[in-house]
Structures are given as structure tokens and as C-alpha cells.
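Colleague: Can you keep this structure in mind? I'll have questions shortly.
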Amino acid sequence: MDVEETEELVSLDTDLLQLQEVSPFALKSSHCVVEELFTQWLSLPDTCRLVKSLLADAKAGAALSTLENSTSTNALSSNSLPSLFPAGSTPPLSPRSSSGSPRTTKQRNSPSLGSPLKLVSEPVREVIPQFYFKNGRPPPNEMKEHFLYQIDSRFYGHVNGLQLHEFKSVAKELCKLPSFFSTALFRKIDVNFTGTITRDQFIDYWIRGNMLAMDLTTQIYTILKQPYRTYLAQDDFKPVLRELLSTHPGLEFLQSTPEFQERYAETVIHRIFYYMNRSGNGRLTLRELKRGNLIDAMLHVDEEEDINKVLRYFSYEHFYVIYCKFWELDTDHDFFIDRENLIKYGNHSLTYRIVDRIFSQVPRKFTSKVEGKMNYEDFVYFILAEEDKSSEPSLEYWFKCIDLDGNGVLTPNEMQFFYEEQLHRMECMAQEPVLFEDILCQIVDMIGPENEGYITLRDVKGSKLSGNVFNILFNLNKFIAFETRDPFLIRQEREDPNLTEWDRFAHREYIRLSMEEDGEDMSNASGDVWEESLEAPF
């Protein structure tokens, strides 16, 4: 082999030597060693045959497979190129980090050298279906198509849209809402106050607004809620109650007395917030609405013609009792009552100490703006708490009253503070006094607290006799009735165990108040007859 031909073959590149037994770094740093190794490599018989073969192919015009081709490079490095070191003459090199090897880096960056990782097939990417929808999960196509068909039948022949009286059947039968929600829904859709709702407007609100896929509670919440709020305020219920008053057959007799219509609506709203707004901040959330029974009561009142059979929230008899009780105490009729007025409640059944705690606004901050007086809303909360001590709002109300230091537990000293006045009143009434030590043992037996040294709110809520405990501490009349086991009350409870204490109280009081009113009417009528008989001769 001529050296001239060999010298003109290719310029020397250490990476092209493909010497796996020698570190590339050593070759780069020692140029003389490289030249010597290259000369020795060229002198090998196998190398000469390889070079001559490549030259012959080049002169014949055949395609020359260069060493830059990945396939031929691998073949030459493993089979064609002779090694300077006999097999097994050197131990294997220690593993090197791929990041520190210039040779590996060059192979990784070279587009012609394939990475072995590419031979492994990439895993199939699993597509996770959407599980969160800002406006709720959209309805199935079948439901949407069926609803659109019903919409078309309702709006057929009404090119200009439906007016309010025509839309009521849509709200009731198509949307499945209580009938007294039709006006509120109409106003929600008719934002421009045109007096009509077109088919496209209704579809845009009910279907594209995703109302169709919502449950009934969320639908009602969305209709009542103001767009800039995340809760319901008391004023949000007034439109539906106005429609209820104007359409329900059981409330027709109030249409001639608008002032009592307004008081009835206020009472219903106050009762709703008393039982359902457990945070007591006047902001009814969707969570609170779903936890309560208001929606069931709305559906009930929509189907029941006798409003007094709907005991939850809407009973007119219950409103009548609350309002008359307030009117009896409000002697000057300025629509406010003070301490001296409230102490007369229930024939002076409450102690002064518990009344002072109420007016200190410990259990609930008054909405009244007059110092030292409660308004009608404050009284509604009080009477519901006083007459139904089996409910959780009532237990929380009175627990805060007895908890003098506000540390969340009732101690014997705090209970004794309130019972002392009860004991003094019993002595004044010539009742046999019961010492506090005996009362404390009775209270512990009734509540069954986890720790006998104090009583927590959890202990109070876990006992069915907690209401009687509070009566023992500050309501003398109910304490005596409990001690004597009034047979009338026991029989009443057995006749209908599903009624609450408030239901029984309201029923008794309504009968009493109606009898008193009938008696007054009869006496007035007899007086008129007597006066007419006296005046007749003249």
C-alpha cells in the first residue's frame, strides 16, 4: 500500500478511530501518541485490505458508505475495524457518566446516530375525561333534545314570546318549580323588562346556562340569588312570598290587609333564617340551603290548599301566634320591646338574669337599631328558641346565655348563678325549694356529660332532655310543669310524636287566642244589643 495514497485519504480525527479500549480524553490530550497509534493501525493487514477496498469502490463509482453513517459506523467499530489490543488483554473500564463523556454527548447530539431509547415505544397517553365544569355538568343529549321538543310545543304560535301569565305553566310544568316562582324566573330571564320572553331567551338561560342539569335546590338558589352575591339575603325571598300571598288559596283573606301580608312574609323569612342560617350572619349559602328542609316545604305549600297544614315556615296560625305574642308585650305599640316588656312573657316565667343576658345580645346580636330594645325579628328568634328547646338553634341560643365567661363549657358555678333566682322565686311562691346540689345531680343524670365537672355544647346536643335542663335554670313555670309531669302535655306528646315542641305550643296558643277573640266579639255584640234595647224606646 502506498503511503501517499493513504495520506491523501482522510484527515486524522481521533473520534473516527473508534478505539473503545482507549479513553477519548487521552487521545485528545496526547497528539503524538495518536499519530503513533494511527501509524500502527495503518500497518495492520486488515486495515490495508479495508482501505484498498474502499479506494476500489470509489474509483469504480460505487456509493461510498462514510463513517458518519450510523449503521456502517457501528458495523465498522464492532466488526470491520481491527483493534490494536488483543481480546482479553485489558480489564473493562469502569462505567462513566453519560453526561461526562464527550463521545456520548456527540453521539446524542448527532442527528445521524440513533439513541437506543428511541427503540422503546412511547407509552400511550391516557386522556382523562373532564370532571370539573364551572357551571355544572352539562345534561345528556337525550335530555336536552327532549326538553327542546317540549319548549317548541310551549312556544308554538308565540312568535313574539310569552307574557307572564302564559309563562307560569312553563315554570310549573316544564321547569318543575313551585308555581310561586314563575314571576321570579320571568324577571330573571327578561332582563330588559320587555314583558315577554322569547324561545331563544328561555333556551339561552335554562339550557345554555346549564339550569337543566342542576338539582331543584341549586335551581331555586340560582333564581333567587343576586348575580353579584354568593349567598341569599332576606330580601331575596320577598318576591316569591309576594306571589305566594297573591296566588295561594289559603292566604286570599289577607289580600284586604296589606300590612298583615307584609308581616306574614317577614315572619316566614325570619323563621327560614332562624332554622337554616346556622352561621347566623344573615347570609344563606347553597350548602345551608341543601342541608335544610325549605325546598320540601315549598313543594308542600304549592300542593296544599290549607296553609296551616304546612307546619314548616308557612303556617298562618304560627304567624298569628308570634305576632299576637309580640303585640301583647309591645304595650306602647312602637314595634319595640324592652327588658320590662320581655319579663312579662309567659306570665313572668323567665328570670331577670336570663332576660339581662338576652338583652346583652350574647346569644344573638340584635338587628334593632334602638339601644336597649329588640325589634320584631329579634323577638321571632327569641320565641322560637324559648318554645322549642329541642332544636339545635335553640340549644345553641341558651347555651351561650348560660356560658358566662364564653369558654365553651357550662360549669356548676355558672348554672348555680342562674338557679339562685329560681330558688328565691320558689320560696316566695311557698313552693318546696330544691337545693342546687340536688339539682346538679339531676342535671348530670339528664345530660350524661363526658366529663362530670362541666357540660359542653356537644353534651347538650346529645341529650333529649337538654331543654328541660334550661327550663330548670331560668323558666319557673316550665320547671314546675316538668316536675309535676303534666298529664295533659304527656298525652299531647303521645298523640302525635312527630310534632315539635313549637308545633304543640303554637297549636295551644292559637286556640286560646282565637277563643279570646271570639269572646270579645260576643261581648261586643251583646253590648251592642243591650245599647240598642235601651235606645229603642226613644
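Colleague: Could you please put Val191, Val321 in sequence from largest to smallest accessible area, using a 1.4 Å probe?
Modeller: Descending accessible area places them as Val191, Val321.
Colleague: How much net charge surrounds Leu245 when only the other residues with a Cβ under 15 Å from the Cβ of Leu245 are counted, with Lys and Arg +1 and Asp and Glu -1?
Modeller: That sum, taken over residues with Cβ under 15 Å, equals -4.
Colleague: Quick one: plug the Kirkwood hydrodynamic radius of the range 136-213 (C-alpha pairs) into Stokes-Einstein at 10 °C, 1.306 mPa s, and report D in µm²/s.
Modeller: Taking Rh from Cα pairs, D becomes 125 µm²/s.
Colleague: Near the amide H of Gly209, under 5 Å away, which other amide H atoms are found, from residues 5 or more places off or on another chain, if H is placed in the peptide plane?
Modeller: For Gly209, no residues qualify.
Colleague: OK, next. How much accessible area does Lys176 have with a 1.4 Å probe, in Å² rounded to the nearest 10?
Modeller: Ignoring ligands and nucleic acids, Lys176 comes out at about 130 Å².
Colleague: Compute the projected area of the convex hull of the Cα atoms of the range 236-277, averaged over all viewing directions, and report it in nm² to one decimal place.
Modeller: 3.0 nm²
Colleague: What distance in nm lies between label points placed 7 Å from Cα along the C-beta direction at Asp215 and Tyr352?
Modeller: Those two pseudo-labels are separated by 5.2 nm.
Colleague: Then there is this: At R0 = 45 Å, how high is the FRET efficiency between Arg491 and Arg137 if r is their beta carbon distance? Nearest 0.05 is fine.
Modeller: 0.30
Colleague: Given 0.36 nm per residue, what is the gain on full extension from Thr230 to Lys52 after removing their alpha carbon distance, in nm?
Modeller: Length gained between Thr230 and Lys52: 55.3 nm.
Colleague: Which three semi-axes in whole Å describe the equivalent ellipsoid of the range 250-369, each the square root of 5 times a Cα gyration tensor eigenvalue, listed largest first?
Modeller: Three semi-axes, in Å: 28, 21, 12.
Colleague: Applying the Karplus parametrisation 6.51 cos²θ - 1.76 cosθ + 1.60 with θ = phi - 60° to the phi angles of the range 370-383, what ³J(HN,Hα) value in whole Hz is obtained for each residue in order, glycine and proline being reported as x?
Modeller: Rounded to whole hertz, the list is 9, 4, x, 9, 9, 8, 5, 4, 4, 5, 4, 4, 5, 5.
Colleague: Here is a follow-up. Please give the FRET efficiency for Asp204 paired with Tyr149, using the beta carbon to beta carbon distance and R0 = 25 Å, rounded to the nearest 0.05.
Modeller: The calculated FRET efficiency here is 0.90.
Colleague: Please give, to one decimal in nm, the separation of the simple spin-label points placed at Val362 and Lys176, each 7 Å out from Cα toward the Cβ.
Modeller: For the pair Val362/Lys176, the computed spacing is 4.8 nm.
Colleague: While we're here: Using just the Cα positions, wrap the range 365-516 in a convex hull and report its mean projected area in square nanometres, one decimal place.
Modeller: 11.2 nm²
Colleague: Return the sequence-ordered ³J(HN,Hα) values of the range 341-358 in whole Hz as given by the Karplus equation 6.51 cos²θ - 1.76 cosθ + 1.60 applied to θ = phi - 60°, using x for Gly and Pro.
Modeller: For the range 341-358, the Karplus-derived couplings read 5, 5, 5, 7, 4, x, 6, 6, 7, 8, 7, 5, 5, 6, 5, 4, 5, 5 Hz, x marking Gly and Pro.
Colleague: Sticking with this structure for a sec: Please give the length that would be gained between Arg283 and Ala60 if that part of the chain were fully extended, namely 0.36 nm times their separation in residues minus their C-alpha to C-alpha distance (nm, one decimal).
Modeller: Gain on stretching Arg283 to Ala60: 70.9 nm.
Colleague: Accessible surface of Lys373 in the full protein assembly, 1.4 angstrom probe, to the nearest 10 Å²?
Modeller: Around 60 Å² of this residue is reachable by solvent.
Colleague: Could you put Ser43, Ser514, Ser360 in order of accessible surface area, largest first, with the 1.4 Å probe and the full protein assembly present?
Modeller: In descending accessible area the options line up as Ser43, Ser360, Ser514.
Colleague: I've got another one for you. Non-local amide H neighbours of Leu162 (under 5 Å, H modeled in plane, Pro and chain starts lacking H): which ones?
Modeller: Under 5 Å from the amide H of Leu162 lie the amide H atoms of Ile197, Thr198, each far enough along the sequence or on another chain.
Colleague: For Trp327 and Glu126, what does the FRET efficiency come to when R0 = 45 Å and r is the distance between their Cβ atoms, rounded to the nearest 0.05?
Modeller: The pair Trp327/Glu126 has a calculated efficiency of 0.05.
Colleague: Using 7 Å Cα-to-Cβ label points, what is the Glu305/Glu432 separation (nm, one decimal)?
Modeller: 5.6 nm
Colleague: Net charge within 9 Å of Lys461 by Cβ-Cβ distance, Lys/Arg positive one each and Asp/Glu negative one each, not counting Lys461 itself?
Modeller: Once all neighbours under 9 Å are counted, the net charge is -2.
Colleague: Just the accessible area for Thr285, please: 1.4 Å probe, Å², rounded to the nearest 10?
Modeller: The value for Thr285 is about 50 Å².
Colleague: Where does the Debye-calculated log10 I(q)/I(0) of the range 228-314 sit at q = 0.11, 0.13, 0.21, 0.25 Å⁻¹, using only Cα point scatterers of equal weight, no solvent?
Modeller: Each listed q corresponds, in turn, to -0.30, -0.43, -1.04, -1.35.
Colleague: A further question on this structure: Per residue of the range 224-236, what does 6.51 cos²θ - 1.76 cosθ + 1.60 with θ = phi - 60° give for ³J(HN,Hα)? Whole Hz please, x for Gly and Pro, Karplus curve as stated.
Modeller: Each residue's phi maps through the Karplus curve to give 6, 5, 6, x, 9, 10, 10, 7, 9, 9, 5, 5, 5 Hz.
The values are calculated or read from the model by the stated rules, or taken from the named source; none is laboratory data. Remember, it's a predicted structure, so these values are computed and weren't measured experimentally. When we count neighbours, we look across all protein chains shown, and the Cβ atoms used for this are built from the backbone with ideal geometry, even at glycine. Side chains included, ligands, DNA and RNA excluded: accessible areas come from the protein's heavy atoms. Shrake-Rupley method; radii C 1.70, N 1.55, O 1.52, S 1.80 Å.
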